[in-house]
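Beneath this line is the structure, given in structure tokens, with notes to follow.
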Amino acid sequence: MYRYDEFDAAFVNARAAQFRDQVNRRIAGEINEDQFRPLRLMNGLYLQLHAYMFRIAVPYGTLRSKQLRKLAYIARTYDRGYGHFTTRTNIQFNWPKLSDIPDMIDHLAEVEMHAIQTSGNCIRNTTTDQFAGAAADEIIDPRPVAEIIRQWSSLHPEFSFLPRKFKIALTGAPSDRAAIKFHDIGLRAARNGAGEIGWEVWVGGGLGRTPMIAKLINAYVSNTDLLAYLESILRVYNRYGRRDNKYKARIKILVHEEGLETIKGQVEAEFAEIRGGVLTLPQVELDRISAYFADPAFATLPATKIDIAREKILDPAYGRWLENNLNAHRVPGYASVTISLKPIGKPPGDATAAQMDAVADIAEKYSFDELRVTHEQNLVLPHVAITDLRTVYDALVEAKLEAGNVGEITDIICCPGMDFCSLATARSIPIAEELSRKFSSPQRQKEIGDLKIKISGCINACGHHHVGHIGILGVEKKGGELYQITVGGDATENAAVGKILGPGFEAEDVPNAVERLVDAYIARRESVDEPFIAAFRRLGDKPFKEALYGNE
Amino acid sequence: MEILTGNELVSGATVYLDRNGAWVEDLQQVRLFSANETAARDEAIARTKATLRILSLEIENVTVRDGKIVPDRLRERIRATGSTTPVFDRQHLTEDDHVSI
């Protein structure tokens, strides 16, 4: 994993000292809130409904054990003993006090973490595949390039005041687990005619009030030219992106209004100017960064087939966990383990300080000290020896983190909603909890199969509802909460935006409405191997609309 | 009826302007402004802003039901009681966080 160099450490420490001074001056009344607000937002500090919310960056979702232990310490010492993992693979604390923030930042700096650029109209945390460097289907490990993008985008002097926030995601595998087509820029590893590995560049994707699927702006950009090409896109966006209306300020609107060919022409013109200049990425530098992500000392193990059927007979819960929570590893004898943060009836994405400590211990002992945060609000142990799986599972049971529901209907993405968020127009966590309880039976979840529910408490879509196979959007209507249901969204390489099939539902009617959709799918699927999303694509809206609203 | 609400600077706690000009946690102690008290309300807003200690200062509509003050908006009812799930007590002021106008 990447380690701070002298420059990184000096930069983060200087920023920590600077913000401490700004907080002190704010509390002393030397600066007012209008002056302080942009400063605190640059350091990830929001004000929400009940208190401040402090958002800490987890670069490309990668953590070491001591970093997670530090987050546990912060949760226990300065917050209320838990943290909330987000769809940007960051972590949020919901109850800090302003006067404690400088000390929290100092603690973070001790473990090479910070909260810079977790808010504001700048380039946010770059995200990637949670199985990067481990997945069997990977063309290339995207983490070195993600780290290079982090360095390029941190406090970039031109891009600290963009028209709006800007999000980049990349994947080194053909299976898109990073939702790259719903980012301002998405990168996917690709080969050119000579077989060299570079990047497909997608631009103008996003969710929010105007969901759009990114468009392919360049089928191949080499590593050497990647930063210059990204800089060219950002320059075009910074120059022409709308600043008159925040709801039309994302690059997706610029691409949509101007057209891809126009934007491409502008980007190419800019690229022609700066290509070969200071942003050229020499192979030696890529190699230097890649060395930080070298393989851990994997043992030479035989390829081991796990007899899940047998394990399910011996211990159904363990068998289910093996069936759902493992991902194939590129090294024989190893697997990646997803730790579900979706226990039945609990808020998605939350972990207590004790659980964070427990996961840190497990990662240290059984995953070469490495952890990942997923955009689906779970954690991952990327490199676990198959022979250690039972021990890891038992340790997760002890930490109450043994839910074997990854990829199933109760593995729900959900934003904090109106229970915490000042922008929300409806609650989302209670809906997630009710759905989780309704479908809690492992047999029922198995029967349903792969089905992703995503819930947002407002149109900003932090819960990614547009790309849920079933999406739920909470809105305010006549002083109450109403929930629109969409069907058919998909965040993967088969990107699709879900469709609203009719009027919204009261909160208490949402679980039954979802069950009707599920039953309609089960009744019409060709076989148990046809997932919900495939059945929806084959069947179209009609049966699902009928399931929700009858034959009106 | 209207009330004034905001968040205290250091704790971030939800607070209300009470009848004595203090910013307090208890919604039921709040000062109610009737439709013909806009001048008093606006003066209270100006004096509050001058303290630099109350953020997200808002005018909210409330209704008095059975002697209880109830915010009209669900969002405000959640602010007044704390998160509904997971259930957490509201943030509280510490000794140094009290603000008056």
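The values are calculated or read from the model by the stated rules, or taken from the named source; none is laboratory data. Everything numeric in this text was worked out from a predicted model, so none of it was measured. Ideal geometry is used to build each Cβ from the backbone, glycine not excepted, and the neighbour counts take in all protein chains shown. The accessibility values were calculated without ligands, DNA or RNA, using every heavy atom of the protein model including side chains. Shrake-Rupley method; radii C 1.70, N 1.55, O 1.52, S 1.80 Å.
Just a yes or no: is a residue in the stretch A:11-33 within 14 Å of another protein chain (Cβ to nearest Cβ), of a type in the set (Val, Ile, Thr) and assigned to a loop (DSSP other than H, G, I, E, B)? Talk me through it step by step, then tell me what you get.
Quick first cut of the stretch A:11-33, residues within 14 Å of another protein chain (Cβ to nearest Cβ) only: A:22-33.
Next, only the ones that are of a type in the set (Val, Ile, Thr) stay: A:23, A:27, A:31.
Remaining after also requiring assigned to a loop (DSSP other than H, G, I, E, B): A:31.
Yes, the stretch A:11-33 has at least one match.
Identify, from the list B:Ile59, B:Ile78, B:Ile54, the residue that is open to solvent by 50 Å² or more (accessible area, probe 1.4 Å), among the aliphatic types (A, V, I, L, M) and touching an Asp or Glu at 6+ places or on another chain (Cβ under 8 Å).
B:Ile59
Determine the pairs where a residue that is in contact (Cβ under 8 Å) with a residue 12 or more places away in the chain and over 27 Å from A:Pro142 (Cα atoms), located within the stretch A:294-316, has a partner that is surrounded by 14 or more Cβ atoms within 10 Å (Cβ to Cβ) and of a type in the set (Asp, Glu) with Cβ atoms under 8 Å apart, the partner being 6 or more residues away or on another chain.
Final answer for the pair search is A:Ile308/A:Glu323.
Condition (residue is under 21 Å from A:His375 (Cβ atoms), part of a loop (DSSP other than H, G, I, E, B), open to solvent by less than 10 Å² (accessible area, probe 1.4 Å) and touching a residue at least 40 places away in the same chain (Cβ under 8 Å)) applied to the stretch A:162-170: is it met by at least one residue?
No, every residue in the stretch A:162-170 fails to be under 21 Å from A:His375 (Cβ atoms), part of a loop (DSSP other than H, G, I, E, B), open to solvent by less than 10 Å² (accessible area, probe 1.4 Å) and touching a residue at least 40 places away in the same chain (Cβ under 8 Å).
Hand me the list of strands (runs of 3 or more DSSP E) wholly inside the stretch A:308-355 holding 3 or more residues that are open to solvent by less than 20 Å² (accessible area, probe 1.4 Å) and within 13 Å of A:Leu396 (Cβ to Cβ).
Here the list reads A:334-339.
Quick check on my filter: what residues within the stretch A:172-204 are among the small types (Gly, Ala, Ser) and either free of Cβ contacts under 8 Å to residues at least 60 places away in the same chain or open to solvent by 20 Å² or more (accessible area, probe 1.4 Å) (or both)?
A:Gly172, A:Ala173, A:Ser175, A:Gly186, A:Ala189, A:Ala190, A:Gly193, A:Ala194, A:Gly195, A:Gly198, A:Gly204
For the stretch A:82-96, does any single residue satisfy the condition of being touching a strand residue (DSSP E or B) at 6+ places or on another chain (Cβ under 8 Å), more than 19 Å from A:Cys415 (Cβ to Cβ), aliphatic (A, V, I, L, M) and at pLDDT 95 or above?
Checked against the condition, which is being touching a strand residue (DSSP E or B) at 6+ places or on another chain (Cβ under 8 Å), more than 19 Å from A:Cys415 (Cβ to Cβ), aliphatic (A, V, I, L, M) and at pLDDT 95 or above, the stretch A:82-96 yields no hits at all.
Every residue, every condition in (1) assigned to a helix (DSSP H, G or I); (2) of a type outside the set (D, E, K, R); (3) within 14 Å of another protein chain (Cβ to nearest Cβ), yes or no:
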position: A:Pro96; (1), (2), (3): no, yes, yes
position: A:Ile101; (1), (2), (3): yes, yes, yes
position: A:Gln117; (1), (2), (3): no, yes, no
position: A:Gln130; (1), (2), (3): no, yes, no
position: A:Asp141; (1), (2), (3): no, no, no
position: A:Val145; (1), (2), (3): yes, yes, no
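Out of the residues in the stretch B:22-51 that are among the hydroxyl-bearing types (Ser, Thr, Tyr) and surrounded by 11 or more Cβ atoms within 10 Å (Cβ to Cβ), which is farthest from the other protein chains (Cβ to nearest Cβ)?
For the stretch B:22-51, the residue satisfying everything is B:Thr38.
Within the stretch A:247-263, count every residue that is in contact with a strand residue (DSSP E or B) (Cβ under 6 Å, 6 or more places away or on another chain) and modelled with pLDDT under 95.
0
In the stretch A:409-493, which strands (runs of 3 or more DSSP E) lie fully inside it and hold 3 or more residues that are under 21 Å from the mean Cα position of the chain (by Cα) and at pLDDT 95 or above?
Working: elements: A:453-456, A:470-477, A:480-487.
It comes to A:453-456, A:470-477.
Restricting the stretch A:232-256 to residues that are of a type outside the set (S, T, N, Q) and part of a loop (DSSP other than H, G, I, E, B), which is surrounded by the fewest Cβ atoms within 10 Å (Cβ to Cβ)?
Per the criteria, the residue is A:Asp244.
Looking at the stretch A:34-50, which of its residues are touching a Ser or Thr at 6+ places or on another chain (Cβ under 7 Å) and either free of Cβ contacts under 8 Å to residues at least 60 places away in the same chain or within 14 Å of chain B (Cβ to nearest Cβ) (or both)?
Correct list: A:Leu41, A:Tyr46, A:Leu47, A:Gln48, A:Leu49, A:His50.
Restricting attention to the stretch B:1-21, and to residues there that are away from chain A (no Cβ under 14 Å) and aliphatic (A, V, I, L, M), which single residue is farthest from B:Ser100 (Cα to Cα)?
Residue satisfying both the conditions and the ranking: B:Met1.
Out of everything in the stretch A:34-58 that is outside any strand (DSSP E or B) and among the aliphatic types (A, V, I, L, M), what residue ends up being most open to solvent (accessible area, probe 1.4 Å)?
If we take residues in the stretch A:34-58 being outside any strand (DSSP E or B) and among the aliphatic types (A, V, I, L, M), then A:Met42 is most open to solvent (accessible area, probe 1.4 Å).
Which one of these is within 25 Å of A:Asp21 (Cα to Cα), modelled with pLDDT of 95 or more and charged (D, E, K, R): A:Asp106, A:Asp141?
A:Asp106
Is it the case that some residue within the stretch A:358-371 is part of a loop (DSSP other than H, G, I, E, B), closer than 26 Å to A:Asp519 by Cα, at pLDDT 95 or above and open to solvent by 10 Å² or more (accessible area, probe 1.4 Å)?
Here is the first cut: in the stretch A:358-371, the ones part of a loop (DSSP other than H, G, I, E, B) are A:367-369.
Pick out the ones that are also closer than 26 Å to A:Asp519 by Cα and you get none.
No - not one qualifying residue is present in the stretch A:358-371.
Restricting to the stretch A:120-141, and then to whatever is crowded, with 22+ Cβ neighbours inside 10 Å and farther than 12 Å from A:Arg372 by Cβ, can you tell me which residue is farthest from the chain's Cα centre (by Cα)?
Result: A:Asp141.
Return the residue satisfying two criteria in turn: it lies in the stretch A:470-500 and is open to solvent by 40 Å² or more (accessible area, probe 1.4 Å) and within 14 Å of chain B (Cβ to nearest Cβ), and of such residues it is nearest to A:Met418 (Cα to Cα).
Ranking the candidates gives A:Glu476 first.
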